[in-house]
Amino acid sequence: MNFAQGKSAQETEQKNNVFYCPEESQFYSYCLELLLMIHFSPDIVIEFGSGDGTAVIAAMLRTRFAGIIQGYEINPKACAAANRHICQYGLDNRYMILNSCFFKNALVFEKKCLISNPPYLPCFRKEDMILPELYGGADGAEIIKKLLSINFSSVIMLIPSISNPLSVFQYAKQKGYSVSNFLVTELPFGYYSSQPEIQDTLCILKHKSISFFSDTGYLIAGVLFQKKEYAEIDRSQELSSIMQSLK
């Protein structure tokens, strides 16, 4: 399945304030397929920030994953688009997305498995951003750490090299997680991350040695965090070294 529809689709999604980055969404989908649906396959999965739903839908269509995914998307336009896509592919009994705040519902979750492509763009002023839903805090790691604090047994998330990744791995360790597995790719700076406000912030963070990127792009990892009692190995040091390779 290919959900990228070219420049016209991108312009439409940006006009509607819906996140659109086919390269990142396709990588997220691939990570879900390999780290979640093929090798892990829990019966119930909670998703933070479902967006337009296409990443999960593509992974579900490529696998025999039989679990149920409950997503939460705070952007009403993105949620509406996601539910249209879900119905289009006949997955409405297995993938359900609510237009509701994930954190307000956290007490009722079955905390077995969480998946997310979380907002991670660092910016010193959220109001300067084109799409404020992508704000990850001053260093980009704020929402990532908040998700790791909820105490799911397993978490699959995208972690970028530009958003203080070393502090994320240290925080995960403090919360009792090991890095069980991961996949890494390089992304070019795109429509959102190329904005001057974001680039200015990144330059400051790079000078502090907490953001790692080249002139053209950055690394992003799909990471399977598991509580230490379930993890056979911890690959956090290996991943930390990879994240620092772009300077």
Looking for something polar (S, T, N, Q) and touching a strand residue (DSSP E or B) at 6+ places or on another chain (Cβ under 6 Å) - is there at least one such residue anywhere in the stretch 56-68? no
Just give me the residues in the stretch 97-117 being among the β-branched types (Val, Ile, Thr) and farther than 12 Å from ILE69 by Cα, in sequence order. VAL108
Filter the stretch 99-158 for residues that are among the charged types (D, E, K, R), surrounded by fewer than 21 Cβ atoms within 10 Å (Cβ to Cβ) and either under 26 Å from GLN195 (Cβ atoms) or within 13 Å of the chain's Cα centre (by Cα) (or both) and give the result. ARG125, LYS126, GLU127, ASP128, GLU133, GLU142, LYS145, LYS146
Restricting attention to the stretch 28-42, report how many residues are touching a residue at least 40 places away in the same chain (Cβ under 8 Å), more than 14 Å from the chain's Cα centre (by Cα) and within 12 Å of CYS113 (Cβ to Cβ). 2
Of all residues making up the stretch 185-220, the number that are over 18 Å from LYS126 (Cα atoms), part of a helix (DSSP H, G or I) and at pLDDT below 95: 0
Could you say which residue among ILE150, ILE198 is within 25 Å of CYS113 (Cβ to Cβ) and either β-branched (Val, Ile, Thr) or in contact with a helix residue (DSSP H, G or I) (Cβ under 7 Å, 6 or more places away or on another chain) (or both)? ILE150
Out of the stretch 101-130, which residues are part of a loop (DSSP other than H, G, I, E, B) and free of Cβ contacts under 8 Å to residues at least 40 places away in the same chain? CYS101
Limited to the stretch 134-164, what total is found for residues that are in a helix (DSSP H, G or I) and either over 20 Å from ASP200 (Cβ atoms) or in contact with a Leu (Cβ under 6 Å, 6 or more places away or on another chain) (or both)? 7
Where in the stretch 11-100 are the strands (runs of 3 or more DSSP E), entirely inside, with at least 1 residues that are among the polar types (S, T, N, Q) and more than 20 Å from ILE220 (Cβ to Cβ)? 68-72
Taking ILE130, is it at pLDDT below 95 and in contact with a Phe, Trp or Tyr (Cβ under 8 Å, 6 or more places away or on another chain)? yes
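The values are calculated or read from the model by the stated rules, or taken from the named source; none is laboratory data. Worth saying up front: this structure is predicted, and the values here are computed from it rather than measured. Heads up, the Cβs are rebuilt from the backbone with ideal geometry, glycines too, and the neighbour counts pull from every protein chain shown.
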